[in-house]
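I have placed the structure first, in the form of C-alpha cells, so that the comments after it can refer back to it.
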Amino acid sequence: MRTILAFDPKAIHAGNRGLAIDHDAVAARVDELLAAMTREEKVAEIHGLQAQPIDDLYVAGGCERLGIPTYRMVDGPRGARAGRATAFPVAIARAATFDVELERRVGLAVGLEVAAKGGNVVLAPTINLLRHPCWGRAQETYSEDPVHMGAMAVAFVSGAQNHVLASPKHFALNNVENTRFEMSANVDARTLHEVYLPHFRRCVVEAGAASIMTAYNKMNGVFCGENETLIEAILRQRWGFKGFVESDWFLGTRSTGAALRAGLDIEMPAPFRRSAEKLTAELESGEFSEGDIERAARNAVYQKIAWDLANLPVPDAAVVECEAHVALAREAAEKSLVLLKNEGDILPLAPEARIAVVGDLATMANLGDRGSSMVTSTSVVKPLDGIRARLGAEQIDHFASDADLSGLGSYDAVVVITGLTYREEGEFIPTEQLEAPDGLARGGDRADMKLPEAELALLARVAEHAKNTVVVLEGGSAVDVSDWIDNVHGLVMAWYPGREGGHAIASLLFGDICPSGRLPVSFPRSMRQLMDWDITALDVRHDLLHGYRWLEAHDESPRFPFGFGLSYTQFQLGNLELVSGGKDSLALSVEVSNTGERRGATVVQLYVSAERSAVTRVPKELKHFARAELEPGETARVRFELDAELLAYFDEASDDFVVEACDYLFQAGFDAGNLPLSTRLRFDGDSFEPVP
Ligand code: BGC
C-alpha cells in the first residue's frame, strides 16, 4: 500500500535560499560593512526611496560606493504586481486545494516572475488569520485555521525563496479593513500565541522568511509598526528572526523614535518619519539613540549579504506568463473549486446538453480586488469563454442580467455565474471614488454576508423559470446562500479563480476533472451564527474562538463546515492508529480509499481535542491534513507526523507552551463536521499511549 506523507518538509523546503545561510559568516561580513558605512549611508538603508515605484518596484536602501544593492519590492499574494504577469487564483482559492506541494510551485512561479521583473523581494504571502469571513482582504489570505494557514504559507515562502526574498505580512492581527489605520486588536498572550501567531512563527522558524511586514493597526493599543512586544520580544528574541522588518506603506510607520526603538528596520515606501530633520530632532530630544539606527541598518543589510543580493540572477523575461505558469494557474484553479451541493447528481453536466449561461459575471474578468495584490494578465479566460471553448458556441446561450429569462425552462441546464467583485470587498484604499483613476478601487470589508441585491434578484428570476440550475459562485470568502440555495441543484464555490478560471470552471461542470477543493473558511447559515461584526469598530477583542471553533463552542451547525467539499467519487477512511508517540513527537496513520468509480482527490483532516485539561480548551482544532489523490478502488495510508508542541496550550504564567499530560482525542475525517474515526491517546509526560 502506498504511503502519503502529510507534509514532506524536505520536498516543501527544497531550494529555499533562506535556509542555506551561513549566519556566522554573514554576521562577520555585516560587521565589516557597518564599520565602513557613514551615518548617511546607514540612514539610507532604513527607509524606502520614494512614494512611487520605479519600473513597478518599490526601492529601499542601497549604496553604490560600497556595492550594497537596493531592495526592490513588489506585491504580492496572487502574482507579480508589475506590468503583466500571471494572475493566479487568489490565496484563499489556492488554500482550498489543501495542496501544499502545489502552493510551493505557485510560490516558485511568483518568485521567478518577480525576479524576472527585476524585483528581489515579494511582498507576500498575506497570512492574517481569517477571524471573520467579512474581512475585506479575506481573499488574500489562506484560512481561518492557523495550522492550515501555516502549511500553505511556508510552502509559498519556500517556493518563492528559491528566487527572491519573501515578506509574510501583516504582523500582526490585521483582519479588519475599513478601520485598519486606527483599530486596536486587543488580545491576551495565550490567544496571540495559540491562534494569531503560529503561522508567522512557522514562516520565520521553519521557512527562514527573509523579511516581515508589520500591520497598520494597533495591537493592545500600540501600533504594530512600533510594537516592541511583537517585533523585539516575539519576532527577534523568541523566534530568532534574522531578517528585516519593514513597515506597511504610507501609514505603516507612525513615529520616528518609537518605531526605531521598537525595532522597525525599514520605513516604506519613503522617509515620511525618517527624514533627516525628524531624525535629528528626535535624536536630540532623546527619543532614540544612534544605536537604534545602527541596529536597524544592520538588520536592513543583513539579508543583502546573506543572499548575495548584488549577484541575484535575473531570469529571462520570457518566464513571465510562460506556458508552464499559465498551466499552473489552471491547475490551481481546477483544484481550488469546491463543489458544495450536487442534488440528484446534476453535475457533471452531459457534454451534449443545451446550456443557458446566466449573469454578467460570466463575461467579466473577475480576478479579485483592486488593492495592492491586483495582478494584470495578458488574457483572462472568463467563465463564458471557458464553457464555450469546452462545448462549442452552438450549444450555449448567454443571458445577461437584464435579459428576458422566460425561456430558461427549455434548456437542459442553467448555469448562473454570480457572486462578489472588487466592488463589494477588498483591501481598503482610502479614496472617495469607488474606482480610482490609477485602477485601484476602494474595496473594504463587507457589512454582511449576502450577495448584492442585483445578484439576489437575478437568482430569484432564474428560479421562476429554470428547471436544473447550477450556481457558480465567485468571491473571496463565505457567502450567506440561504435566500436561494433551496432553488438550485448545484453549487460550486469558484473564488476569484485567476486568469485560467473559465477553463477550470468548464472542466468541473462537464466532468473533465473531479472536484477536490475544500473550504478553508466555514460557511455559516447566516451572520447571526458568528461573533458580532462591526466594520466601524476601533477596538476589537480577539479570543480563542472564531470560525469553526466558535461555531462548535456555540452549538451552531454551519451551512457548510470548514474543510467541506463534495466529489464525483466517494472516499472512506479506516484504521486510524498511533504509529509512535515519544515525548516530543508522534505519528499517526489512517487508511483512505477511493470507493467510487473515478480517479479523484480528497483531503484527510486530523483534529484534536484535549480532554481533562487544566485550562479551558476550544472544542477541537485541526492539527494536520493531507490531500490524497487516488485511483478508483485504491487505498493508501496517510502518515501524519506531529510535534508534540502542536498539542500544547500557551501558559501565561511560564510564558511558554506547555504540552499537558492529559488525554487527547484524535479525530480523522473529511471536514470539521464529519469525523468518522477517532482514537484517544494519553500523554503521561513521556510518551503517548492509546487509552484502552
Ligand atoms: C498593503 C500591503 C502592500 C503595500 C504595498 C499596503 O497598503 O497593505 O499589503 O504590500 O500596500 O503595495
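The values are calculated or read from the model by the stated rules, or taken from the named source; none is laboratory data. This is a predicted model, so every value here is computed, not measured. No Cβ is skipped: glycine too gets one built from the backbone with ideal geometry, and neighbour counts run over all protein chains shown. The protein model used for the area step is the full one, side chains on, heavy atoms only, and it has no ligands, DNA or RNA in it. Shrake-Rupley method; radii C 1.70, N 1.55, O 1.52, S 1.80 Å.
Miscellaneous remarks
- Output for the range 599-617, where each listed residue is more than 23 Å from the chain's Cα centre (by Cα) and over 18 Å from TYR649 (Cβ atoms): ARG599, GLY600
- For VAL26, the conditions (1) hydrophobic (A, V, I, L, M, F, W, C); (2) over 27 Å from TRP249 (Cα atoms); (3) open to solvent by less than 70 Å² (accessible area, probe 1.4 Å); (4) within 27 Å of the chain's Cα centre (by Cα) all hold with the exception of (4).
- Among the residues of the range 445-460, at least one is part of a loop (DSSP other than H, G, I, E, B) and within 16 Å of the ligand (Cβ to nearest atom).
- Selected residue [hydrophobic (A, V, I, L, M, F, W, C), touching a residue at least 60 places away in the same chain (Cβ under 8 Å), touching a helix residue (DSSP H, G or I) at 6+ places or on another chain (Cβ under 9 Å) and part of a strand (DSSP E or B)] from VAL521, VAL492: VAL492
- Residue among GLN570, GLN605 that is open to solvent by less than 30 Å² (accessible area, probe 1.4 Å) and not aliphatic (A, V, I, L, M): GLN605
- For the range 3-23, the set of residues classified as open to solvent by 30 Å² or more (accessible area, probe 1.4 Å), closer than 16 Å to ARG104 by Cβ and in contact with a strand residue (DSSP E or B) (Cβ under 8 Å, 6 or more places away or on another chain) consists of LEU5, PHE7, listed by residue number.
For (1) modelled with pLDDT of 95 or more; (2) open to solvent by 10 Å² or more (accessible area, probe 1.4 Å); (3) among the β-branched types (Val, Ile, Thr); (4) under 21 Å from VAL301 (Cα atoms), each residue gets a yes or a no:
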site	(1), (2), (3), (4)
GLY119	yes, no, no, yes
ILE127	yes, no, yes, no
GLY136	yes, no, no, no
THR141	yes, no, yes, no
MET149	yes, no, no, no
GLY159	yes, no, no, no
ARG180	yes, no, no, no
SER184	yes, no, no, no
ARG190	yes, yes, no, no
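- Filter result (closer than 22 Å to GLU113 by Cα and within 16 Å of the ligand (Cβ to nearest atom)) within the range 49-69: GLN52, PRO53, ILE54, ASP55, ASP56, LEU57, TYR58, VAL59, ALA60
- All helices (runs of 4 or more DSSP H) inside the range 177-296 with 1 or more residues being polar (S, T, N, Q) and more than 16 Å from the ligand (Cβ to nearest atom): 276-284
- Pairs linking a residue in the range 680-692 that is open to solvent by 30 Å² or more (accessible area, probe 1.4 Å) to a residue that is basic (Lys, Arg) and outside any strand (DSSP E or B), with Cβ atoms under 7 Å and 6 or more positions apart or on different chains, are ASP686/LYS583.
- Residues that are closer than 17 Å to LEU34 by Cβ and loosely packed, with under 13 Cβ neighbours inside 10 Å, drawn from the range 278-290: GLU290
- Checking GLY392 against (1) more than 19 Å from ALA332 (Cα to Cα); (2) buried (at least 16 other Cβ atoms within 10 Å of the Cβ), the condition it does not meet: (2)
- Candidates VAL414, VAL358, VAL380, filtered to the one that is more than 16 Å from the ligand (Cβ to nearest atom), under 30 Å from THR141 (Cβ atoms) and not small (Gly, Ala, Ser): VAL380
- In the range 529-608, counting only strands (runs of 3 or more DSSP E) that sit wholly within it, the ones holding 1 or more residues that are within 28 Å of GLU641 (Cα to Cα) span 571-581, 585-594.
- Only residues that are surrounded by fewer than 22 Cβ atoms within 10 Å (Cβ to Cβ), of a type in the set (Gly, Ala, Ser) and in a loop (DSSP other than H, G, I, E, B) were counted in the range 328-359, giving 2.
- Every pair of residues 6+ apart whose Cβ atoms lie under 9 Å, when the first sits in the range 128-148 and is closer than 19 Å to ARG81 by Cβ and part of a helix (DSSP H, G or I) while the second is of a type in the set (Gly, Ala, Ser) and open to solvent by 10 Å² or more (accessible area, probe 1.4 Å): GLU140/SER372
- In the range 473-487, the residues that are hydrophobic (A, V, I, L, M, F, W, C), in contact (Cβ under 8 Å) with a residue 60 or more places away in the chain and in a loop (DSSP other than H, G, I, E, B): ALA478, VAL479, VAL481
- Among residues of the range 75-114, those that are out of contact with any helix residue (DSSP H, G or I) (no Cβ under 7 Å at 6 or more places or on another chain) and either surrounded by fewer than 24 Cβ atoms within 10 Å (Cβ to Cβ) or without any contact (Cβ under 8 Å) to a residue 12 or more places away in the chain (or both), counted: 3
- VAL301 of a type in the set (Val, Ile, Thr) and either touching a Ser or Thr at 6+ places or on another chain (Cβ under 6 Å) or over 30 Å from GLY476 (Cα atoms) (or both): yes
- When the range 291-314 is limited to residues that are without any contact (Cβ under 8 Å) to a residue 60 or more places away in the chain and closer than 24 Å to ARG236 by Cα, the one that is surrounded by the most Cβ atoms within 10 Å (Cβ to Cβ) turns out to be ASN299.
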